[in-house]
Amino acid sequence: MTEKIQVNLRLPKEVIEQLKAEAERQKRSLNNLLEVIIDEYLNTKKDEKNG
């Protein structure tokens, strides 16, 4: 199991509302949605560097 560290993040209310709606559509928690988004972004950047 991967060790997880809690972080605080401030985002505009409108962004949080949009993310919560998307998480609900995908039947995910907001936390899980953010993990997936960040992971996909980092993998894309890694691929660009290695490309």
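The values are calculated or read from the model by the stated rules, or taken from the named source; none is laboratory data. What you see is a predicted model, and the numbers here were worked out from it, not measured in a lab. Every residue, glycine among them, receives a Cβ derived from its backbone with ideal geometry; neighbour counts consider all protein chains shown.
Does the stretch 1-12 contain any residue that is basic (Lys, Arg) and in a loop (DSSP other than H, G, I, E, B)? There is at least one residue in the stretch 1-12 that is basic (Lys, Arg) and in a loop (DSSP other than H, G, I, E, B). Looking at the stretch 4-12, can you tell me whether even one residue there is polar (S, T, N, Q), modelled with pLDDT of 95 or more, surrounded by 10 or more Cβ atoms within 10 Å (Cβ to Cβ) and more than 10 Å from the chain's Cα centre (by Cα)? The answer is no, given that none of the residues of the stretch 4-12 is polar (S, T, N, Q), modelled with pLDDT of 95 or more, surrounded by 10 or more Cβ atoms within 10 Å (Cβ to Cβ) and more than 10 Å from the chain's Cα centre (by Cα). Residue check: Lys46 meets all listed conditions (1) surrounded by 10 or more Cβ atoms within 10 Å (Cβ to Cβ); (2) modelled with pLDDT of 95 or more; (3) of a type outside the set (Val, Ile, Thr) but one, namely (2).
Annotation note: Cβ proximity below 6 Å between a residue of the stretch 32-44 that is in a helix (DSSP H, G or I) and a residue that is not charged (D, E, K, R) (sequence gap 6+ or interchain) occurs for Leu33/Ala23.
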